[in-house]
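The block underneath contains the structure these notes are about, expressed in structure tokens.
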Amino acid sequence: MFTDRTFIVTGGGSGIGRAIALALGAAGACVVVTGRTPEKLDETVALLGEQGADGIAVPTDVRDPGAVDALVEAAVHHYGAVHGLVNNAAGNFVAPGIDLSPNGWKAVVDIVLNGSFYCTRAVARQMRNQGTGGSILSVIASYAWHGHPGTVHSAAAKAGVLAMTRTLAVELAPLGIRLNCIAPGPTETKGAGAALWADDTARAHVLSSVPAGRFADPTEVADASLFVLGDRASYMTGECLTLDGGQWLGKQVYGQ
Ligand code: HXC
């Protein structure tokens, strides 16, 4: 289903982004892995190679719109076209909103919201030029709609990404471009662990809020992502698929 298609994955050097990149490669796609740390991207590309998949690393800071345009140009130069994008790059830390510095707010909103828009815009323009259509997936979180204390920057940015997705899903449907979101709950990755549940107490607290009683594995998020990105979801656009072990519904029932 993904053979002869090229996908760009932001934040593809670790965690959920790496899992999605590897799943895309295993399904036959060419994968352009991007992020800020070249060594981590090279590791993902090496793992793609080990499974017989084709990938390249293009280090990019998604906060820079010029660099994002260059990323898409590099993908087209190497593979001839771009058929999909995964907006996965994120930044996060826990801080009470009242104490959050303007720079802290800006750092997270720039990566999550502005970066997702710059990448979406550049890839959609390329898809329009190609006349191929395509599929764009953004990784958000359920606190985009219910909020969460300590993460006002991330919650606001993810809510913006959801609104962007719904808006552009309508604008771009005539071009055959689908835009959707996934909202993973707590997922076992180093990045989220360090940013959001750094010690055993915080980890136990998060775990107690998940009715399924466990964290997600990044491969579970990748499997669902491939469904949304691929042709089996060809009539799905402007949608958000939640994968959180019942966490946010549980909060409505149990008030956790
Ligand atoms: C308070 C903090 C802080 C912290 C940074 N800042 N960390 N403030 N508490 N723990 C402030 C800094 O003081 C600075 O403000 C501003 O944020 C920018 O910090 P820099 O380090 O200069 O920025 P930068 O190097 O760009 O780093 C961006 C970052 C960083 C967001 C701060 O954490 C990052 O890049 N993380 C990427 C990895 C990551 O977080 N992944 C997890 C995503 S998981 P001042 O005012 O001092 O200049 C996720 C899952 C959500 O999002 C869903 C869960 C269910």
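Amide H to amide H distances under 5 Å link ASP54 with VAL31, where only residues 5 or more positions off or on other chains count and H is placed in the peptide plane. Evaluated on the range 190-230, the Kirkwood hydrodynamic radius is 11.6 Å, with distances taken between all distinct Cα atoms. Between ARG232 and HIS205, what is the FRET efficiency for a Förster distance of 30 Å, r being their Cβ-Cβ separation, to the nearest 0.05? So the FRET efficiency works out to roughly 0.25.
Using the Cβ-Cβ distance between ALA46 and TRP145 with R0 = 35 Å, the FRET efficiency computed as 1/(1 + (r/R0)^6) comes to roughly 0.40. A 1.4 Å probe run over the chain, with the rest of the protein chains in place, finds 45 Å² accessible per residue.
For the range 22-27, 3J(HN,Hα) computed residue by residue from phi via the Karplus equation (6.51, -1.76, 1.60; θ = phi - 60°) reads 5, 5, 4, x, 5, 8 Hz, glycine and proline entered as x. Would you list which lysines come within 18 Å of LYS158, measuring only between C-alpha atoms, while excluding same-chain residues fewer than 8 positions from it? Result set, ordered by chain and number: LYS106.
Computed from phi, the 3J(HN,Hα) profile of the range 58-74 under the Karplus parametrisation 6.51, -1.76, 1.60 (θ = phi - 60°) reads 10, x, 8, 9, 5, 6, 10, x, x, 5, 5, 4, 5, 4, 5, 4, 5 Hz, with x in place of Gly and Pro. Computed over the Cα atoms of the range 176-256, pair by distinct pair, the Kirkwood hydrodynamic radius stands at 13.9 angstrom. 3J(HN,Hα) along the range 214-228: 7, 7, 7, 8, x, 5, 5, 5, 5, 4, 5, 4, 5, 4, 5 Hz, from the Karplus curve 6.51 cos²θ - 1.76 cosθ + 1.60 with θ = phi - 60°, whole Hz, x for Gly and Pro.
Stretching the chain fully between ALA212 and GLU188 yields a gain of 7.2 nm (0.36 nm per residue, less the alpha carbon separation). In the calculated pair-distance distribution of the chain, the portion above 27 angstrom amounts to 32 percent of the Cα-Cα pairs. How large, in percent, is the carbon and sulfur part of the accessible surface of the range 118-256 at a probe radius of 1.4 Å? Result for the range 118-256: 55 percent of the exposed heavy-atom area is carbon or sulfur. Annotation: lysines with alpha-carbon distance below 23 angstrom to LYS40 (same-chain offsets under eight excluded): LYS190.
Taking each pair of different alpha-carbon atoms in the range 207-248 once, compute 1/r for the pair, average those values, and report the inverse of that mean as the Kirkwood hydrodynamic radius in Å to one decimal.
11.6
Can you compute the label reach from THR167? Point 7 Å from Cα along the Cβ direction, backbone N cut-off under 11 Å, restricted to the range 87-118. Answer for this model: 117. Proximity of backbone amide H atoms, modeled 1.01 Å from N, is registered between LEU241 and CYS181, ILE182, ALA183 at under 5 Å, excluding neighbours fewer than 5 places apart on the same chain.
Net charge within 12 Å of ARG203 by Cβ-Cβ distance, Lys/Arg positive one each and Asp/Glu negative one each, not counting ARG203 itself? Computed value for this residue: -2. Over the range 107-217, the hull volume per residue, using the convex hull of the C-alpha atoms, is 116 Å³.
The values are calculated or read from the model by the stated rules, or taken from the named source; none is laboratory data. On a predicted model such as this, the values are computed, not experimentally measured, just so you know. FYI the Cβ positions are ideal-geometry reconstructions off the backbone, even for glycines, and counts take in every protein chain you see. Accessible surface areas use protein heavy atoms only, side chains included; no ligands, DNA or RNA. Shrake-Rupley method; radii C 1.70, N 1.55, O 1.52, S 1.80 Å.
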